[in-house]
Amino acid sequence: MGKRTPRETESMHHYRNIAILGTSHIARQSIIEVERAINEFRPGIVGLELDKERFLALQHGHKGSPRLRDIRHFGVKGFLFAVLGAWAERKLGEVVGVAPGDEMKKGIALAKQQGAKIALLDQPLAVTLKRISSRLTWREKGRFVADIFKAVFFKEKKFQFDLRTVPEDELVKKMVGMVKVRYPTLYDELIIQRNRVMAGKLAAIMENHPDVNILALVGAGHADGILSLLRKSYKP
């Protein structure tokens with residue numbers, strides 16, 4: 001592989017035949033890093049932080065915004081969380097000129113171009129949102145709404161960074177730590193539980209393809225947790 005810059009080294013995590021690239025879903029830098037990682041690492045398998053529904057939505061250019069009829073699948077609180085989250089991501093994406101998920105679309109296109117297989121690592125979004133709806137407290141929901149509006153309209157500077165780039169590892173850890181304290185339910189469902197699902201799928205892929213380079217494209221907040229789980233559970 002070619003020489004990496006310090007920024008690339010921080011974004012990429014390696015364990016045996018797997019590389020985990022932490023991305024930001026609205027950062028232009030992530031698109032560049034995905035392209036560089038695939039061209040240099042030459043993976044035979046590219047794993048994506050997507051489920052089948054979101055994968056198909058990206059492929060067909062659908063925005064995938066929640067609809068009222070989804071309430072019965074997601075639950076009221078899960079539906080509200082999905083609506084607010086999608087709205088905030090779109091607003092932030094408009095600021096930097098990148099549509100949410102563009103780095104995943106780049107990974108899909110390059111994987112197909114190079115003949116690499118694609119693996120979907122995440123659990124279905126409906127499962128995540130339904131679990132959130134059944135567990136999320138109204139206090140957490142209120143905090144979420146308040147924090148979204150503060151970040152978008154009042155430009156709160158608690159975690160200030162260039163939206164075009166992937167946050168530095170230390171900043172990611174601080175942001176995840178804040179979520180753990182203010183939103184324990186969201187932390188468990190969005191990070192811990194999904195880390196377990198994605199790490200389990202990656203471990204199975206590693207077991208079945210020990211001689212194939214595997215590149216996993218996941219949100220920056222998941223990279224360390226998935227790597228830690230792989231090191232604990234996958235010890236050939």
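The values are calculated or read from the model by the stated rules, or taken from the named source; none is laboratory data. Keep in mind the model is a prediction, meaning the values are calculated, not measured. As a convention, Cβ positions derive from the backbone with ideal geometry for all residues, glycine included, and neighbour counts pool all protein chains shown. Side chains included, ligands, DNA and RNA excluded: accessible areas come from the protein's heavy atoms. Shrake-Rupley method; radii C 1.70, N 1.55, O 1.52, S 1.80 Å.
Structure data summary
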read-out	value
Scope the stretch 222-236; condition open to solvent by less than 30 Å² (accessible area, probe 1.4 Å) and under 20 Å from the mean Cα position of the chain (by Cα); matching residues	222, 223, 225, 226, 227, 230
Residues being closer than 28 Å to residue 114 by Cα, among the β-branched types (Val, Ile, Thr) and in contact with a helix residue (DSSP H, G or I) (Cβ under 8 Å, 6 or more places away or on another chain) - total across the stretch 186-236	3
Failed item in (1) at pLDDT 95 or above; (2) open to solvent by 60 Å² or more (accessible area, probe 1.4 Å), with residue 160 passing the rest	(1)
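Residue-by-condition table, conditions (1) at pLDDT 70 or above; (2) surrounded by 15 or more Cβ atoms within 10 Å (Cβ to Cβ):
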{"position": "102", "(1), (2)": "yes, yes"}
{"position": "134", "(1), (2)": "yes, no"}
{"position": "137", "(1), (2)": "yes, no"}
{"position": "152", "(1), (2)": "no, no"}
{"position": "183", "(1), (2)": "yes, yes"}
